[in-house]
1. On the given criteria, is Arg316 within 23 Å of Pro229 (Cβ to Cβ) and not hydrophobic (A, V, I, L, M, F, W, C)?
2. Tell me which residues, restricted to the stretch 272-304, are of a type in the set (A, V, I, L, M, F, W, C), free of Cβ contacts under 8 Å to residues at least 40 places away in the same chain and not in a strand (DSSP E or B).
3. Give the residue, chosen from Ala178, Ala151, that is small (Gly, Ala, Ser), under 17 Å from Tyr88 (Cα atoms) and out of contact with any Lys or Arg (no Cβ under 7 Å at 6 or more places or on another chain).
4. If Phe191 meets every condition in (1) farther than 28 Å from Arg109 by Cα; (2) within 15 Å of the chain's Cα centre (by Cα); (3) not polar (S, T, N, Q) apart from one, which number is that one?
5. Only one residue in Gly214, Gly220 is of a type outside the set (A, V, I, L, M) and farther than 30 Å from Ala19 by Cα. Which one?
6. Name the pairs whose Cβ atoms lie under 6 Å apart, with the first residue in the stretch 45-73 and under 14 Å from Val158 (Cα atoms), the second surrounded by fewer than 20 Cβ atoms within 10 Å (Cβ to Cβ) and among the polar types (S, T, N, Q), and 6 or more positions between them or separate chains?
7. When you scan the stretch 98-129, how many residues do you find that are of a type in the set (Lys, Arg), surrounded by fewer than 20 Cβ atoms within 10 Å (Cβ to Cβ) and either within 13 Å of Gln142 (Cβ to Cβ) or under 30 Å from the mean Cα position of the chain (by Cα) (or both)?
8. Quick check, is Pro229 surrounded by fewer than 22 Cβ atoms within 10 Å (Cβ to Cβ), at pLDDT 95 or above and touching a Leu at 6+ places or on another chain (Cβ under 9 Å)?
Amino acid sequence: MTKGNGSLCLTSLSKRYGAFTAVDNVNLQIEKGEFLTLLGPSGSGKTTLLMMIAGFQDISEGDILLGGVSIAQTPAEKRNFGMVFQGYALFPHMSVHDNIAYPLSVRRRPKAEIDARVAEMLDLVRLNGFAKRLPKELSGGQQQRVALARALCFAPPVLLLDEPLGALDKKLRVEVQAQLKEIHRRVGTTFVYVTHDQEEALSMSDRIVIMQNGRIEQVGTPADLYQNPKTAFAASFLGKSNFLHRDDAVFALRPEKIDLSPEGQGMGANKVSGVVLSVTYFGAVLKYQVEVPGMDPIEVDVDAWRSGQALPQGARVDLTWADSAAVRLLDQSL
């Protein structure tokens, strides 16, 4: 993807409420056709940033450019962006067809064009045959797909999604994640997605923006952020990490990158010994907590099907890892 036509550029963007700064000097280039996720805990500023992009929140400082043209003073309804909320916001008295058609109806498009576009959207979200149903006759996942179809039916240049899967149960959420990713691939619209769910961010995004206290902590592809976190917050919020202190430096070490073996059997340059504090079965994974003298307890993930008999609480073990497994962090605040 290249910069230019259709890209969304946030420049020195800030939002203050009195003395409180919700979004603090954010600079971000979102490429045309990208699936970009804003990821962070509650209060990190991700939703406020999305609402500023949408035009629902005023900007305290900075600018928003779409295709190189400022839209900072453009009202929300004239930005022509699609929006999908967690609560779906479907019209309960309207059929699925009429809900999807609504943005085109208010734009006074011809009926034949509207019907053809609604049919196209129903096919896109795999709801053929549901056009006459009311929202109350649909499951949560189906309602969410109707909301998505409505937001895409007028071909917006950017689709904004504010925790759209938060109301779904875990199994259904995973299914809709896959559908969203496939829909994005097919339509090519720029998606800007807000979530606090790490798995959602990792499974769907082209890039992830990790936010904390209104600022961008780190930006990168899912693989880059997971394998090469730059800060302790990035390492701990996106997945789990153990933090090792060595010669005035701090390293992040993922639990699955540590080998665990009975004491005396561990091989490798990086080796510590300790005692198993606990072991918990999670189906595919055994999670160990190991007490090591002079260190915080270390978490180790072991594939359950490979491990054979789990080592019990109180067992003495060796922990070993490759040099490349531990990533040196830029901040040394731990």
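The values are calculated or read from the model by the stated rules, or taken from the named source; none is laboratory data. Bear in mind that the values here come from a model prediction, so they are computed numbers and not experimental data. We place every Cβ from the backbone using ideal geometry, glycine too, and count neighbours over all the protein chains shown.
1. Numbers: within 23 Å of Pro229 (Cβ to Cβ): no; not hydrophobic (A, V, I, L, M, F, W, C): yes.
The answer is no for Arg316.
2. Of all residues in the stretch 272-304, those of a type in the set (A, V, I, L, M, F, W, C) come to 272, 275-277, 279, 282, 284-286, 290, 292, 295, 298, 300, 302, 304.
This time we only want the ones that are free of Cβ contacts under 8 Å to residues at least 40 places away in the same chain, so: 277, 279, 282, 284-286, 290, 292, 304.
Residues satisfying the conditions are Phe282, Ala284, Val292, Ala304.
3. The match here is Ala151.
4. The single condition Phe191 does not satisfy is (1).
5. Gly220
6. Met51/Gln57; Gly67/Asn5
7. Looking only at the stretch 98-129, we keep the residues that are of a type in the set (Lys, Arg), and these are 107-109, 111, 117, 126.
Then drop every residue that is not surrounded by fewer than 20 Cβ atoms within 10 Å (Cβ to Cβ), which leaves 107-109, 111, 126.
Imposing the further condition that a residue be either within 13 Å of Gln142 (Cβ to Cβ) or under 30 Å from the mean Cα position of the chain (by Cα) (or both) reduces the set to 126.
The number of residues fulfilling the criteria is 1.
8. Working: surrounded by fewer than 22 Cβ atoms within 10 Å (Cβ to Cβ): no; at pLDDT 95 or above: yes; touching a Leu at 6+ places or on another chain (Cβ under 9 Å): yes.
No: the conditions fail for Pro229.
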